[in-house]
Amino acid sequence: MVVKVYGPAYASPKRVIVCLIEKQIEFETAPVDLIKGEHRNPEYLKLQPFGALPVIQDGDFTLYESRAIIRYYAEKYRSQGTELLGKTIEERGLVEQWLEVEAHNYHPPIYEMTVQLLFASKLGLSVDEKLVKKSEEKLGKVLDVYEERLSKSNYLAGDFFSLADLSHLPFTQYLVGPMEKEYMIRDRKHVSAWWDDISNRPSWKKVLELY
């Protein structure tokens, strides 16, 4: 059965797609245009009642929330493709810890920056410069913690690539690319090396090539 991923043009669905590629899982995609409001269509809301991206359909199984989806596939296909959860219970604990850090510390400020700098004008809204500045300051403090952590290990959960690292790929790509804030990564030696490593994985290059 081929997994269907909705909304591949956007960051959170890309989080799912890069995981599927790492796990060697077949998938197809279905476009959803946020700018046109297609995420509010009744048919889409039957799949995702909150109108957010992504959603996956896997046979008769439907799942939403990108981090839940990547956890699901990393566990379901644990013996296939890249091991993304760690090999011991302690490694798994660290993977989960840094996934939570990404969700609750890293994501909120970078998401605000994304909305303001990349989507506000497309939605006919003016950019809130104060919010951008505040969010950048918050993100900088989070990256300082990452710099300390990555001075001690190659990846966030240890010396192995995991979901914790993978989950950072889509929005950090916005940061270093269209947001033109690459200095936030490059000004931090160990964060910079980590980003070069994870963003050059064949799986992520394939996502960028496809979408």
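Here are the numbers for the structure shown:
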| read-out | value |
| --- | --- |
| Search result, residues across segment 159-184 that are open to solvent by less than 10 Å² (accessible area, probe 1.4 Å), under 25 Å from residue 86 (Cβ atoms) and not charged (D, E, K, R) | 162, 163, 164, 166, 167, 168, 169, 170, 172 |
| Extreme residue, farthest from residue 162 (Cα to Cα), among residues of segment 1-47 that are small (Gly, Ala, Ser) and touching a residue at least 12 places away in the same chain (Cβ under 8 Å) | 30 |
| Candidates 95, 115, 127 - the one that is without any contact (Cβ under 8 Å) to a residue 40 or more places away in the chain and either within 21 Å of residue 203 (Cβ to Cβ) or more than 19 Å from the chain's Cα centre (by Cα) (or both) | 127 |
| Residue match in segment 73-85 (condition: under 25 Å from residue 172 (Cβ atoms) and without any contact (Cβ under 8 Å) to a residue 24 or more places away in the chain) | yes |
| Positions within segment 48-72 being assigned to a loop (DSSP other than H, G, I, E, B), of a type in the set (Phe, Trp, Tyr) and touching a helix residue (DSSP H, G or I) at 6+ places or on another chain (Cβ under 8 Å), in sequence order | none |
| Residue that is nearest to residue 38 (Cα to Cα) [pool: residues in segment 110-144 that are open to solvent by 20 Å² or more (accessible area, probe 1.4 Å) and of a type in the set (Ser, Thr, Tyr)] | 121 |
| All positions within segment 74-109 that are open to solvent by less than 40 Å² (accessible area, probe 1.4 Å) and touching a strand residue (DSSP E or B) at 6+ places or on another chain (Cβ under 8 Å) | 86 |
| Search result, residues across segment 181-211 that are hydroxyl-bearing (Ser, Thr, Tyr) and either closer than 14 Å to residue 15 by Cα or touching a Phe, Trp or Tyr at 6+ places or on another chain (Cβ under 8 Å) (or both) | 199, 203, 211 |
| Members of segment 116-128 that are of a type in the set (A, V, I, L, M, F, W, C) and assigned to a helix (DSSP H, G or I) | 117, 118, 119, 123 |
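Each row is one residue, and each column tells you yes or no for (1) in contact with a Cys (Cβ under 8 Å, 6 or more places away or on another chain); (2) part of a helix (DSSP H, G or I); (3) of a type in the set (D, E, K, R).
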residue	(1), (2), (3)
79	no, no, no
85	no, no, no
92	no, yes, yes
96	no, yes, yes
99	no, yes, no
114	no, yes, no
143	no, yes, no
147	no, yes, yes
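The values are calculated or read from the model by the stated rules, or taken from the named source; none is laboratory data. Keep in mind that this is a model prediction, so the values were computed, not measured. Don't worry about glycine lacking a Cβ; one is built from the backbone with ideal geometry, like all the others, and counts go over all protein chains shown. Areas reflect the complete protein model, heavy atoms only, side chains present, ligands, DNA and RNA absent. Shrake-Rupley method; radii C 1.70, N 1.55, O 1.52, S 1.80 Å.
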